[in-house]
Amino acid sequence: MSLREQILNSEDTITELVDIPEWGVTVAVKGMTIAQQQQFTKSVRKRTGSKTSFQLDDDKFVIQLLIRSAFDPDTDKPVFEQADASALAGKSTKAVGRISTVALRLSGFSDDDEVEDDLKGTASDDTS
């Protein structure tokens, strides 16, 4: 097998089990592929005037990360869907932060200190 074939045929997305005591469950958190990360990035940006100027939409970021990264460890199916976005907005940032922190790391976002700091700031503001 050539190096190219070995790379293209490897299963390299990482899954990590995360206990969420606030919900009494364990969630499988999966890192995103490049294609999934590009779709995620498109879903959490908003236009800031010109056709080519965008910024991160803080209102969507954590919810979209949760929807795209949380999986049922027994079925390997996504836990949430887009229709759950409003309901998820009412969940504890501490619980959601457990998933989001792992999802950011597994998807390669953890090198972006601004995104990670913003997320940590959001999670630490919750007292529930």
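The values are calculated or read from the model by the stated rules, or taken from the named source; none is laboratory data. None of the values given here were measured: they were computed from a predicted structure. Here the Cβ is made from the backbone with ideal geometry for all residues, glycine too, and neighbour counts use every protein chain on show.
Go through segment 1-64 and tell me which strands (runs of 3 or more DSSP E), entirely inside it, have 2 or more residues that are touching a residue at least 60 places away in the same chain (Cβ under 8 Å) and closer than 22 Å to G90 by Cβ. I'd like the intermediate steps shown before the answer.
On the way: elements: 15-20, 25-30, 45-47, 54-56.
Because the criterion is at least 2 residues that are touching a residue at least 60 places away in the same chain (Cβ under 8 Å) and closer than 22 Å to G90 by Cβ, the strands (runs of 3 or more DSSP E) in segment 1-64 that meet it are 15-20, 25-30.
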(request) Please state which of the following conditions A70 fails to meet, knowing it meets all the rest: (1) exposed (fewer than 13 other Cβ atoms within 10 Å of the Cβ); (2) touching a strand residue (DSSP E or B) at 6+ places or on another chain (Cβ under 9 Å); (3) of a type outside the set (K, R). (result) (1)
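For segment 65-82, what are the residues that are without any contact (Cβ under 8 Å) to a residue 24 or more places away in the chain, more than 11 Å from T26 (Cα to Cα) and in a loop (DSSP other than H, G, I, E, B)? First the steps, then the outcome.
Of the residues in segment 65-82, the ones without any contact (Cβ under 8 Å) to a residue 24 or more places away in the chain are 67, 74-75, 77-78, 80-82.
Subset that is more than 11 Å from T26 (Cα to Cα): 67, 75, 77-78, 80-82.
Scanning segment 65-82 gives T75, K77, F80, E81.
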(message) Suppose the filter is modelled with pLDDT under 95 and surrounded by 15 or more Cβ atoms within 10 Å (Cβ to Cβ); does A123 pass it?
(response) yes
(message) Against the definition (under 16 Å from L106 (Cβ atoms) and in contact with a Phe, Trp or Tyr (Cβ under 8 Å, 6 or more places away or on another chain)), how does L17 come out, yes or no?
(response) no
